[in-house]
Amino acid sequence: MENTSTRALVVWGLLVVAANLRASLTGVGPLLDQVQADLGLAPAVAGLLNTLPLLAFVALSPVVPRLAARWGAERLLGGAVVVLALGIAVRWVPASVGLFGGTVLIGAGIAVGNVLLPALIKRDFPTKVGVLTSAYATVMGGVAAIASGVAVPISQVAPGGWRTALGGWVFFALVAVLLWIPRMRAPRREARAVRHRLPWGSGLAWAVTAFMGLQSLGFYVVVTWLPQVFQDNGVSPAAAGWLLFLFQVVAVGTSLTVPGALRWARDQRALAAACSAIMLVGYVGLFVAPGRALLWSVVLGLGGGACLVLALAFISLRAENAPGAGALSAMSQSIGYLPAAIGPVVFGLLHTVSDGWRVPIGLMVVTAAAQTVVALVAGHGTVRGTPEPAHVPTPAPGR
């Protein structure tokens, strides 16, 4: 049994890892104009910088439980953070190949972290799922907000410009690597290396996946397009950037209130539906009165921060054990991030073909309404996983 100080170090390690899971993504958007001008990239090509990591989430998430059963969750997570740090460093290479190659590595590292953190919390802290999920989502969102806010100022004063603004986060990733090394050396907890099959046949698992996908779709559409929506309704570019920052800060603040609500609620159906309905109100407001930018930034932040924590908490709360949490995490984050990958593209395409924002915002009204309905299913019950023994390779003779 680990003592209190050891468990505290584990928590700190998890939080520092979580702090690295969004900053290298959210810092890209404010710098896209500089990147395009410097490298001569077409807008569609530059947009891949936001899409490639999400596609990596979709492709890699399903295989993470298998890799964790083979190598151990701690070792795999440590390796993922090393890959993340390498990807951030590669972005410093003065060529397009470095920028895009580094982005792929970053997406791969984050994909593993996304799946493993809920499973580790379920395994090591089963009675504190709500608190720790909220804590790591808050840290993740807070650092992401800072990254988007300081990206342009750093690029203007630091040698290397935008490359330093993006590549400088490697030092923070290295701190996470150093803090996690003791966990990589610790004895494996998965003594029997048991994993669960991904619960493709569970309706509840699909509801959790749909909730994850719909709230992710909303987040990535907002961070990609909300400033442009505001600018086209009379807000200056600088003010639009600060309104996006406000959205993220409010979301971080809201995420801190979720653990308290989880403690008194018998299940999460009402809470998840209410928070999704707040998102719905925000989109309806944008549709009806887009000029009230400050109000809708706050409303969307209020709903979005809580929905993110709930989507992550559902993975642990709906699973019956840690291997089940890993399987549900892999399923919900592979399929769930697919709408997030294509959503901003569809949103922009609808804006182009309709010559305005009403049609794409109308789409978000529909998705928020769907999320409110899905919440009533995803907020209750247990996904019964199907255990399967992991096939541990027999050592070759002479080894």
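The values are calculated or read from the model by the stated rules, or taken from the named source; none is laboratory data. Because the structure is predicted, anything quoted here is derived from the model rather than measured. Ideal geometry is used to build each Cβ from the backbone, glycine not excepted, and the neighbour counts take in all protein chains shown. SASA here: full protein model, heavy atoms, side chains in, ligands and nucleic acids out. Shrake-Rupley method; radii C 1.70, N 1.55, O 1.52, S 1.80 Å.
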* **Residue-wise HN-Hα coupling along the stretch 249-255, computed from phi with Karplus coefficients 6.51, -1.76, 1.60 (Hz; x: Gly, Pro)** => 5, 4, 4, 4, x, 5, 4
* **Inter-site label distance for ALA8 and TRP264 at 7 Å from Cα along Cβ, in nm** => 3.0 nm
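Taking all protein chains as present, what is the carbon and sulfur share of the accessible area of the chain, in % to the nearest whole number, probe 1.4 Å? Please report the intermediate quantities before stating the final value.
Numbers: 11790 of 16890 Å².
Accessible surface attributable to carbon and sulfur in the chain totals 70 percent.
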* Asked: Can you list the residues, at least 5 places off or on another chain, whose amide H is less than 5 Å from the amide H of TRP169, using H built in the peptide plane?
  -> none
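What is the Cα radius of gyration of the stretch 50-98 over 2.2 N^0.38 Å, N being its residue count? Intermediate results must be reported in sequence, preceding the final value.
Details: Rg = 13.0 Å, N = 49, 2.2 N^0.38 = 9.7 Å.
Working it through for the stretch 50-98, the quotient is 1.35.
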* Asked: Using the C-alpha gyration tensor of the chain, what are the square roots of 5 times its eigenvalues, in whole angstrom, with the largest one first?
  -> 33, 26, 19
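About its Cα centre, what dipole magnitude does the chain give when the only charges are +1 on Lys and Arg Cβ and -1 on Asp and Glu Cβ, stated in debye to the nearest 20?
On the way: 25 positive and 11 negative charges, 266 e Å.
Charge dipole, the chain, about its Cα centre: 1280 debye, nearest 20.
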* Enter the angle in degrees (range 0 to 90, nearest 10) between the Cα long axis of helix 4-19 and the first principal axis of the Cα atoms of the chain, meaning the one along which they spread out most. => 40 degrees
* To do: Measure nothing fancy, just the Cα-based angle from helix 269-288's long axis to the longest principal axis of the chain, in degrees from 0 to 90, nearest 10.
  => 20 degrees
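Which FRET efficiency value, to the nearest 0.05, do you get for VAL150 and LEU48 by plugging their Cβ-Cβ distance into 1/(1 + (r/R0)^6) with R0 = 22 Å? Mind showing how you got there, number by number?
On the way: r = 24 Å, r/R0 = 1.07.
For R0 = 22 Å, the calculated efficiency reads 0.40.
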* What list of ³J(HN,Hα) couplings, whole Hz, do you get for the stretch 90-101 from phi and the Karplus terms 6.51, -1.76, 1.60, once you set θ to phi - 60° and write x for glycine and proline? -> 4, 4, 6, 4, x, 6, 4, 5, x, 5, 6, x
* What nm distance separates the two modelled labels at SER96 and ASP355, each placed 7 Å from Cα along Cα→Cβ? -> 3.2 nm
* Structure fact -> The helix 129-157 Cα axis meets the longest alpha-carbon principal axis of the chain at an angle in degrees, between 0 and 90 and rounded to 10, of 50 degrees
* To do: For GLN36 paired with LEU174, estimate the spin-label separation in nm (one decimal), with each label point 7 Å from Cα along the Cα-to-Cβ line.
  => 3.4 nm
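Under a Cβ-only charge scheme (Lys and Arg +1, Asp and Glu -1), can you give me the dipole magnitude of the stretch 1-139 about the Cα centre, in debye to the nearest 20? Each step should come with its number before you reach the end.
Working: 9 positive and 5 negative charges, 94 e Å.
Its charge dipole is roughly 440 debye.
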* Asked: Mind listing the phi-derived Karplus ³J(HN,Hα) values for the stretch 222-230, rounded to whole Hz, using 6.51, -1.76 and 1.60 with θ = phi - 60°, and x for any glycine or proline?
  -> 5, 5, 8, 10, 4, x, 5, 4, 5
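Mind pulling up the Rg/Rh value for the stretch 1-147? Radius of gyration and Kirkwood radius, both on Cα.
Numbers: Rg = 16.6 Å, Rh = 16.2 Å.
That ratio equals 1.02.
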* Which of the listed residues, ALA147, LEU328, ALA73, is farthest toward the dipole's positive end in the chain, when Lys, Arg count +1 and Asp, Glu count -1 at the beta-carbon? -> ALA73
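Mind checking the per residue accessible area of the chain for me, 1.4 Å probe, whole number of Å²?
On the way: 16890 Å² over 399 residues.
Per-residue value: 42 Å².
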* Under 5 Å between amide H atoms, partner at least 5 residues away or on a different chain: which partners does ALA319 have, H built in plane at 1.01 Å? -> VAL383
* Mind jotting down the three principal axis lengths of the stretch 93-205 based on Cα atoms? Whole angstrom, largest first. => 50, 37, 30
